[in-house]
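To keep things clear, I will list the structure first and then write my remarks on it.
The values are calculated or read from the model by the stated rules, or taken from the named source; none is laboratory data. What you are looking at is a predicted structure, and each value in this text was computed from that prediction instead of being measured. Cβ placement follows ideal geometry from the backbone for every residue including glycine, while neighbour counts extend to all protein chains displayed.
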C-alpha cells in the first residue's frame, strides 16, 4: 500500500468518525465537502512533525553544537510547532485560501479572463507534477527570502521577529517560534503570492509544510554542514550563523529559508565555517524563557514601543 493511500485512509477515518459528527452537531455541514481535505492536511502535518522528529532527534543527540542540562525553554517551542503544523493553523490556511481563490477565479472568469497556471504558461510542465511543485517551491522561497529580510529591516517588524531570535537553545522545534502578528503577516504574504501564481488550493498548505521540513532541519542543534552543496540547500550551519548572537538584529545575513541561492544573488550570504551561540542579547528574559502567553504579550509590548519610535522618527504624533 502506498504512503498516499495510507494517509488517505487515515484522513477518511478522521473525517467519518471525528470531523463530520462535529460538523453535524453544530449544523456546519455546509463545510462537509471540505472535511476530507482538512483531515488530509492535518495528517500530512502530523507526518511532517514525526518525520522531522525522527530525523533530527538522533542527529541532535549524536552531533550537537551545544548540550543543555535544562531543556524547559524548548518545551514552549514544541507547542508552537504543533499549533502551526498540526493544529488549527493549517486548516485555517486551507479554508481561507480555498475560498478566496475560488471567489477570485469566479470573479475573473465571469469577466472573460481565465487565470493562467504554470502548466498553461509553460506547456512543458504538463504531466510533470514534481517539476511543477519544485518551481512553486522556488517562487515561494524567493518570496520568503524577501519577507524574512524585510522583517530585519524595520524596527517595528523586528520587534515581533525578535521572539524567533531570542531562543538561546535553538533546536529543530524553534522554526515555528514566532509572534502571532508576525505569523499573520507571513500568512498574508504567502496568501497573496499563492493567489498571484495560482497555486492549486490543496497544494498550497502542502508546499508550505514541505518547505517547513527543510526549515526545521536548518534550525536543529546539529554540527552539520553540506560542504560544497551548501549553496543548494540551507544547512544547519548556514542558518545558525543567521541566528548567531553577533548576527542578531536588523543587520544580519543568511536570510534564505531553503535555497541559499537568494543570499548568493543578493550578496547576503556568509559561508564561514563557524557555529556561533544563538540568541539576541537585547531580548528581555520573558521573550526567552517565558510561557507562550508571556512571550506573546512581551512581543506585543515591544512591537508597540517600536511602532511608536517609528512614528516619532517620521514626525507622526509630535506636538505642533
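Here is how the numbers come out for the structure above:
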quantity	calculated
Matching residues in the stretch 69-94 - criterion: being modelled with pLDDT under 75, in a helix (DSSP H, G or I) and touching a helix residue (DSSP H, G or I) at 6+ places or on another chain (Cβ under 9 Å)	89, 90, 91, 92, 93, 94
2 or more residues closer than 18 Å to residue 150 by Cα and modelled with pLDDT of 95 or more: qualifying helices (runs of 4 or more DSSP H) within the stretch 243-320	261-265, 292-313
Test result for residue 97, under 18 Å from the mean Cα position of the chain (by Cα) and at pLDDT 90 or above	no
Which listed residue, of 49, 43, 100, 19, is in contact with a helix residue (DSSP H, G or I) (Cβ under 8 Å, 6 or more places away or on another chain) and touching a residue at least 40 places away in the same chain (Cβ under 8 Å)	100
Wholly within the stretch 1-68, helices (runs of 4 or more DSSP H) carrying at least 3 residues that are surrounded by 15 or more Cβ atoms within 10 Å (Cβ to Cβ) and at pLDDT 85 or above	3-14, 35-62
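Residues checked against (1) surrounded by fewer than 18 Cβ atoms within 10 Å (Cβ to Cβ); (2) in contact (Cβ under 8 Å) with a residue 12 or more places away in the chain; (3) over 25 Å from residue 230 (Cα atoms):
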| site | (1), (2), (3) |
| --- | --- |
| 136 | no, yes, no |
| 145 | no, yes, no |
| 151 | no, yes, no |
| 172 | no, yes, no |
| 179 | no, yes, yes |
| 196 | yes, no, yes |
